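To start, the structure itself, in structure tokens.
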Amino acid sequence: MLVAMRFAVPEAEADGFAERAGVALGTLAARPGYVRGELGRAYDDPTVWCLLTVWESVGSYRRALGAYEVKLHATPLLAQALDEPSAFEPLATATPGGSVVVVDSDRADSPLRSRP
């Protein structure tokens, strides 16, 4: 599962935001089911930031959000994310030089779901 959260951060608050985002990322990284994560800042607009995390499953992400440490150290920052969809189902992957691998959707209503 991919979680991509975008943030609008005034330049004057960038240092404090980066510090709090690092704490949030480290807290999430300590949870079971966490695969990897990154904090990024837009090249074209330094007020736009993105926190990207990858999880083994939707369940592992939801359980992580319920953990006390996450509620204390990550949720206040996550609550500042822009109000837009942030959880995504991975449907295709590719490694450097590798082939694109397409997987079935878990959604019953998906046009990508395999048919018998």
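The values are calculated or read from the model by the stated rules, or taken from the named source; none is laboratory data. Everything numeric in this text was worked out from a predicted model, so none of it was measured. Virtual Cβ from ideal backbone geometry, glycine too; neighbours counted across all protein chains shown.
If S105 passes every condition in (1) over 14 Å from G26 (Cα atoms); (2) outside any loop (DSSP other than H, G, I, E, B); (3) touching a residue at least 12 places away in the same chain (Cβ under 8 Å) but one, which one does it miss?
That leaves (2) as the condition not met.
Here's the yes/no breakdown for (1) in contact (Cβ under 8 Å) with a residue 24 or more places away in the chain; (2) over 25 Å from S105 (Cβ atoms):
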{"site": "V3", "(1), (2)": "yes, no"}
{"site": "G16", "(1), (2)": "no, yes"}
{"site": "Y34", "(1), (2)": "yes, no"}
{"site": "D45", "(1), (2)": "no, yes"}
{"site": "C50", "(1), (2)": "yes, no"}
{"site": "T53", "(1), (2)": "yes, no"}
{"site": "L78", "(1), (2)": "yes, yes"}
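Would you tally the residues in segment 10-26 being crowded, with 18+ Cβ neighbours inside 10 Å and of a type in the set (V, I, T)?
Residues flagged as crowded, with 18+ Cβ neighbours inside 10 Å and of a type in the set (V, I, T) within segment 10-26 amount to 0.
Residues of segment 27-62 being charged (D, E, K, R) and surrounded by 13 or more Cβ atoms within 10 Å (Cβ to Cβ), which ones?
Applying the first criterion (charged (D, E, K, R)) to segment 27-62 yields 31, 36, 38, 41, 44-45, 56, 62.
If the condition is that a residue be charged (D, E, K, R) and surrounded by 13 or more Cβ atoms within 10 Å (Cβ to Cβ), then R31, R41, R62 are the ones that fit.
Within segment 13-97, considering only helices (runs of 4 or more DSSP H) that don't extend past its boundaries, which have at least 2 residues that are at pLDDT 95 or above and more than 15 Å from the chain's Cα centre (by Cα)? Lay out the reasoning, then the answer.
Working: elements: 14-29, 58-66, 68-73, 75-78.
Here the list reads 14-29, 68-73.
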